[in-house]
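The values are calculated or read from the model by the stated rules, or taken from the named source; none is laboratory data. For clarity, every value in this text was computed on a predicted model and none was experimentally measured. FYI the Cβ positions are ideal-geometry reconstructions off the backbone, even for glycines, and counts take in every protein chain you see. Only protein heavy atoms, including side chains, enter the accessible area calculation; ligands, DNA and RNA are left aside. Shrake-Rupley method; radii C 1.70, N 1.55, O 1.52, S 1.80 Å.
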Amino acid sequence: MIQRLDSPTIGEEIFSLASNIFPICRSITGNGVRETLRCLRQHIDLTVHEVPSGTDAFDWSVPQEWNIRDAFIKDSAGNRVIDFRSCNLHVVSYSTPVRGWLPLSELKQHIHTLPEQPDLIPYRTSYYRPDWGFCMTHNQLQSLKDEAYEVLIDSSLEDGSLTYGEYLHRGATDLEVLLSTHICHPSMANDNCSGVSLLTLLAKRLAGVKTRYSYRFLFIPGTIGAIVWLSRNESVVSRIRHGLVVTGVGDGGDPTYKKSRRGCSEIDAAMAHVLRHIAPAGEVLDFSPYGYDERQYCSPGFNLPVGRLQRSQFATFPEYHTSGDDLDFIHPQHLAQSYRLITSALDVIENNLRMVNLLPRCEPQLGRRGLYGSLGGEASHASQIMAYLWVLNYSDGEHSLLDIANRADLPFATIRAAAGRLSAAGLLLQATDQKDDADRAGNMTTASKG
Ligand code: ZN
């Protein structure tokens with residue numbers, strides 16, 4: 001499966017899509033999200049949902065829709081000293097409309113800067129309390145003359161809808177893998193163009209691949225989008241067997257995986273495994289109730305096996321939520337590695353079977369079955385032999401192939417390939433209760449609804 005998903009140009013492709021959607025002014029609602037989803041639809045046939053303002057979702061309700069056409073601060077000579085059209089971070093997201101003249105002293109109460117990083121424009125929002133504001137570099141604020149300024153924020157906050165995108169890849173079973181990313185930030189590359197683009201191109205490639213699981217991709221505004229989706233999809237939720245929140249996957253930091261609330265989900269083990277083998281400097285964190293949409297998926301009423309993959313952890317790097325998170329901050333090679341981590345983890349969960357050794361009394365003779373010679377491929381001859389021995393010894397119906405890969409300290413793909421050849425040689429069989437696992441899981445879907 002993973003070979004089918006891989007491509008030497010994947011990092012460039014993800015970067016290119018991220019560059020296309022980077023300029024769009026997104027927020028948690030509004031035309032920026034719609035325009036972004038239209039870009040994604042050039043790659044995948046995603047369904048766009050519109051949920052009306054005021055719709056209840058658990059303890060929340062869908063806010064009014066925000067749109068913005070223009071905004072500026074003009075000096076007394078009529079020059080646009082701040083121009084929304086040159087950088088959409090200049091306006092606090094969800095700013096109420098404003099038009100008028102203000103002295104600098106009053107205007108300053110609505111200006112946000114980063115005195116510690118005087119060259120960067122901060123990203124600010126005002127989703128759930130009516131306010132307006134501008135963001136600029138601290139250097140620019142200090143250069144403003146003490147005079148009156150004309151300000152305009154040509155925005156609207158009206159009843160409309162919240163927009164999100166959903167794409168389902170159907171596998172052999174209706175048990176699902178959830179892949180979710182937020183799509184509510186204006187022009188920042190890592191947060192969140194990188195995750196949106198990576199998942200779009202993963203979905204596109206997955207379309208040609210036969211899978212055991214069905215894969216559900218969500219492109220949703222952060223927090224409110226996940227809450228709305230969960231509130232409308234409780235019947236789908238019970239089919240989710242694994243999941244990942246994917247965001248901030250293009251920067252040069254080492255990957256960070258945050259475990260699901262359960263802490264011992266198969267996706268947790270799979271991600272820890274692929275990090276160890278692909279990006280050993282990466283970090284695995286325990287769950288905490290702060291962060292991205294894993295907060296909603298792992299809220300106690302759902303407690304889904306959903307972890308989070310990003311590279312540098314949010315808020316730990318100076319470019320976070322600033323104009324420094326631009327297209328120079330992400331690189332195809334980092335995007336490609338993040339992609340590979342995800343496809344490798346999917347390869348694990350797709351193929352993590354339990355096998356039974358059919359000749360468990362003493363070692364079977366590998367040479368007689370043509371299994372002792374070099375078989376080519378990525379693993380060395382010695383590690384292939386070790387993989388056979390580990391698989392044969394631990395295929396007792398209890399240990400999964402991932403358990404065996406971890407015990408052997410070999411990549412899952414090597415163990416899976418060894419298991420495939422041993423099966424072909426008639427030495428291994430899938431544990432008989434395995435199919436039942438899926439069936440039982442299917443039954444639990446209905447049983448656990450009560
Ligand atoms: Zn963010």
- request: Please state which one of Ile342, Ile330 is β-branched (Val, Ile, Thr) and within 17 Å of Ser180 (Cβ to Cβ).
  value: Ile342
- line: Within segment 111-133, residues more than 22 Å from Phe329 (Cα to Cα), touching a strand residue (DSSP E or B) at 6+ places or on another chain (Cβ under 8 Å) and of a type in the set (Phe, Trp, Tyr) come out as Tyr127, Trp132
Top-ranked residue of segment 137-157 - restricted to ones that are of a type in the set (Ser, Thr, Tyr) and farther than 16 Å from Val92 by Cα, ranked as farthest from the chain's Cα centre (by Cα): Tyr149
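Taking segment 103-116, which residues are in a strand (DSSP E or B) and open to solvent by less than 30 Å² (accessible area, probe 1.4 Å)?
Ile111
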message: Looking at Ile44, Ile28, Ile24 in this structure, which one is under 30 Å from Ala172 (Cα atoms) and not in a helix (DSSP H, G or I)?
response: Ile44
- prompt: Out of all the residues in segment 17-67, which are open to solvent by 30 Å² or more (accessible area, probe 1.4 Å) and closer than 22 Å to Val91 by Cα?
  reply: Ser19, Asn20, Phe22, Pro23, Cys25, Asn31, Arg34, Glu35, Gln64
query: When both residues are 6+ apart or on different chains and their Cβ atoms are under 9 Å apart, which pairs have a first residue that lies in segment 183-197 and is closer than 16 Å to Pro122 by Cβ and open to solvent by 10 Å² or more (accessible area, probe 1.4 Å), and a second that is more than 10 Å from the ligand (Cβ to nearest atom) and among the aromatic types (Phe, Trp, Tyr)?
result: Ser187/Phe22
- prompt: Restricting the first residue to segment 317-346 and requiring it to be outside the structural domain of Pro118 (by TED's automatic domain parsing), which pairs with a second residue that is away from the ligand (no atom under 14 Å from the Cβ) and hydroxyl-bearing (Ser, Thr, Tyr) meet a Cβ separation below 6 Å and a spacing of at least six or different chains?
  reply: Leu327/Ser19
- prompt: What single numbered condition from (1) surrounded by 15 or more Cβ atoms within 10 Å (Cβ to Cβ); (2) within 16 Å of the ligand (Cβ to nearest atom) fails to hold for Leu341?
  reply: (2)
- prompt: Which of the residues that make up segment 125-178 are without any contact (Cβ under 8 Å) to a residue 60 or more places away in the chain and either within 16 Å of the ligand (Cβ to nearest atom) or open to solvent by less than 20 Å² (accessible area, probe 1.4 Å) (or both)?
  reply: Ser126, Gly133, Cys135, Met136, His169
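Let's see how each residue does on (1) within 32 Å of the chain's Cα centre (by Cα); (2) assigned by TED's automatic domain parsing to the domain that holds Met188; (3) under 27 Å from Gly324 (Cα atoms):
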site: Thr55; (1), (2), (3): yes, yes, no
site: Gly78; (1), (2), (3): no, no, no
site: Leu114; (1), (2), (3): yes, no, yes
site: Leu120; (1), (2), (3): yes, no, yes
site: Thr125; (1), (2), (3): yes, no, yes
site: Tyr128; (1), (2), (3): yes, no, yes
statement: Across (1) away from the ligand (no atom under 16 Å from the Cβ); (2) β-branched (Val, Ile, Thr); (3) assigned by TED's automatic domain parsing to the domain that holds Ala315, Thr181 clears everything bar (1)
